[in-house]
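The values are calculated or read from the model by the stated rules, or taken from the named source; none is laboratory data. No experiment lies behind these values; they were computed from the predicted model shown. Counting neighbours? That spans all protein chains shown, and the Cβs are built from the backbone with ideal geometry, glycine included.
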Amino acid sequence: MEPADRPTDNRRRVADHPLWYHTIELHPGLVTPGWFDLRPIVDGLPWPEITGRRCLDIGTYDGYLAFEMERRGAAEVVAVDIADHDGWDWPVRLRARGGAELARLAGADKGAGFALAAEILGSKVKRHEVSIYDLDPAELGTFDVVICGSLLLHLRDP
């Protein structure tokens, strides 16, 4: 629940964030204006048993699926994504537009929406800046459940 002394501030902070990829209900009445709203379909996804498990969300962006795993009772959730849009596997037609256009499409600070959502939710999800290509169990450990969301459709060579 949003702190009683901060509802207006949190609404302003959510509204001021330049790009929300996911629509996330941060508390009743405070919803991010995301490009993709998974809330209507999330219960229809083929969820494995998550309660008490260590979970990984790859390509988290704003963290909707990571926060959902936490809400469903995961013991620990780790979320990963790339901080710099230059490292993303942009489709050829978008890469041709150049860095300024890609920055506009991707937003300036890739972790800011996640951080703001986590703060307002009171989440314990840990976000790491790492590419799917560089995931290493020696660094992040192993996981019981791994969610990859829609990332595969963004990869040049999945």
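Would you pick out the residues in the stretch 35-63 that are polar (S, T, N, Q) and under 28 Å from L19 (Cβ atoms)? T60 - this is the single residue of the stretch 35-63 that is polar (S, T, N, Q) and under 28 Å from L19 (Cβ atoms).
State all residues of the stretch 124-152 that are among the acidic types (D, E) and either out of contact with any His (no Cβ under 9 Å at 6 or more places or on another chain) or under 17 Å from G52 (Cβ atoms) (or both); if no residue qualifies, say none.
The first filter runs over the stretch 124-152 and keeps only residues among the acidic types (D, E), leaving 129, 134, 136, 139, 144.
Across the stretch 124-152, the qualifying residues are E129, D134, D136, D144.
Report yes if some residue within the stretch 115-138 is over 19 Å from R39 (Cβ atoms), of a type in the set (S, T, Y) and at pLDDT 95 or above; otherwise report no. Within the stretch 115-138, not a single residue is over 19 Å from R39 (Cβ atoms), of a type in the set (S, T, Y) and at pLDDT 95 or above. With respect to (1) modelled with pLDDT of 70 or more; (2) over 12 Å from the mean Cα position of the chain (by Cα), the lone exception for G107 is condition (1). Selection of the stretch 46-67 for residues being surrounded by fewer than 23 Cβ atoms within 10 Å (Cβ to Cβ), assigned to a loop (DSSP other than H, G, I, E, B) and within 11 Å of the chain's Cα centre (by Cα) yields only G59.
Please verify whether A118 is surrounded by fewer than 17 Cβ atoms within 10 Å (Cβ to Cβ), closer than 30 Å to G29 by Cβ and not basic (K, R), treating the condition exactly as stated.
Working: surrounded by fewer than 17 Cβ atoms within 10 Å (Cβ to Cβ): no; closer than 30 Å to G29 by Cβ: yes; not basic (K, R): yes.
No.
Restricting attention to the stretch 68-84, the residues being assigned to a loop (DSSP other than H, G, I, E, B) and at pLDDT 95 or above number 4.
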